[in-house]
Amino acid sequence: MTMRNEGLELFAGLLEYPTSALPGQVEACIECLDAEPPEAVAMLAKFQHELEHHSPAQMEELYTRTFDMQPVCYPYVGYHLFGESYKRGAFMAKLVEGYRALGYAVENELPDHVAVVLHFLALGTRARDSEFGRTLLLEGLLPALEKMTAALEGEPSSPYGAVLSALRLVLDDSTEKETVDA
């Protein structure tokens with residue numbers, strides 16, 4: 001994957017509960033992308049524009065409405081792959097096992113939260129290039145992002161759709177470049 005660790009960390013921060021650091025995180029993420037792909041940069045600029053027109057409390061409310069309380073879009077990879085079934089529980093157990101094997105520990109969140117997965121992938125090539133990391137990205141995160149972005153397409157009231165769409169474009173672009181380079 002050609003995306004730098006820093007970019008994955010920044011996207012993870014954008015998909016966690018918003019804090020006062022959010023505007024700076026968006027700016028840093030835009031700079032990290034360095035205009036590639038341009039569509040992703042435009043989507044993040046749209047999110048940045050929304051931040052400028054909403055108070056921190058309003059952004060917290062939008063996050064909660066989008067991802068937490070009767071959400072339009074659950075931020076959990078396993079939910080999008082398996083729904084609320086025993087298979088999701090087994091998937092989360094495998095995530096914890098895979099994370100531990102590569103020296104990563106999850107704190108304060110479920111192991112299939114999109115931000116947790118991004119933090120793991122941001123550990124570097126040891127995580128991303130492992131069989132576990134590649135499978136998690138290609139068969140877990142990317143299909144989940146496809147479903148998440150589709151769920152938010154009809155929700156213009158949530159600016160988080162732009163972040164998820166930008167992330168999906170960046171990851172698709174990175175995995176495509178990696179396949180071409182291989």
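The values are calculated or read from the model by the stated rules, or taken from the named source; none is laboratory data. The shown structure was predicted, so the numbers you read here are calculated from the model rather than taken from an experiment. So basically every Cβ, Gly included, is an ideal-geometry build from the backbone, and we count neighbours across all protein chains shown. Just so you know, the surface numbers come from the protein's heavy atoms only, side chains and all, with ligands and any DNA or RNA stripped out. Shrake-Rupley method; radii C 1.70, N 1.55, O 1.52, S 1.80 Å.
Taken together, the residues in segment 90-105 that are open to solvent by 50 Å² or more (accessible area, probe 1.4 Å) and either closer than 16 Å to residue 13 by Cα or assigned to a loop (DSSP other than H, G, I, E, B) (or both) amount to 2. Residues in segment 1-48 that are in contact with a Cys (Cβ under 7 Å, 6 or more places away or on another chain), of a type outside the set (A, V, I, L, M) and surrounded by 15 or more Cβ atoms within 10 Å (Cβ to Cβ): 4, 7, 11. Residues that are open to solvent by 70 Å² or more (accessible area, probe 1.4 Å), over 16 Å from residue 81 (Cβ atoms) and in a loop (DSSP other than H, G, I, E, B) within segment 110-136 comprise 123, 129, listed in sequence order.
Kindly indicate the residue of segment 3-28 that is in a helix (DSSP H, G or I) and free of Cβ contacts under 8 Å to residues at least 40 places away in the same chain and also nearest to the chain's Cα centre (by Cα) among those meeting that condition. My answer is 10.
When the test is whether a residue is farther than 20 Å from residue 18 by Cβ, under 18 Å from the mean Cα position of the chain (by Cα), of a type in the set (Lys, Arg) and in a helix (DSSP H, G or I), residue 87 does not pass it.
Among the criteria (1) within 17 Å of residue 146 (Cβ to Cβ); (2) open to solvent by less than 40 Å² (accessible area, probe 1.4 Å), the one residue 51 does not fulfil is (1).
Scanning segment 54-75 for residues that are in a loop (DSSP other than H, G, I, E, B) and farther than 19 Å from residue 117 by Cα yields 54, 55, 69, 70, 71, 72.
Report yes if residue 142 is in contact with a Lys or Arg (Cβ under 9 Å, 6 or more places away or on another chain), surrounded by fewer than 18 Cβ atoms within 10 Å (Cβ to Cβ) and without any contact (Cβ under 8 Å) to a residue 40 or more places away in the chain, otherwise no. Steps first, please.
On the way: in contact with a Lys or Arg (Cβ under 9 Å, 6 or more places away or on another chain): yes; surrounded by fewer than 18 Cβ atoms within 10 Å (Cβ to Cβ): yes; without any contact (Cβ under 8 Å) to a residue 40 or more places away in the chain: yes.
Criteria met by residue 142.
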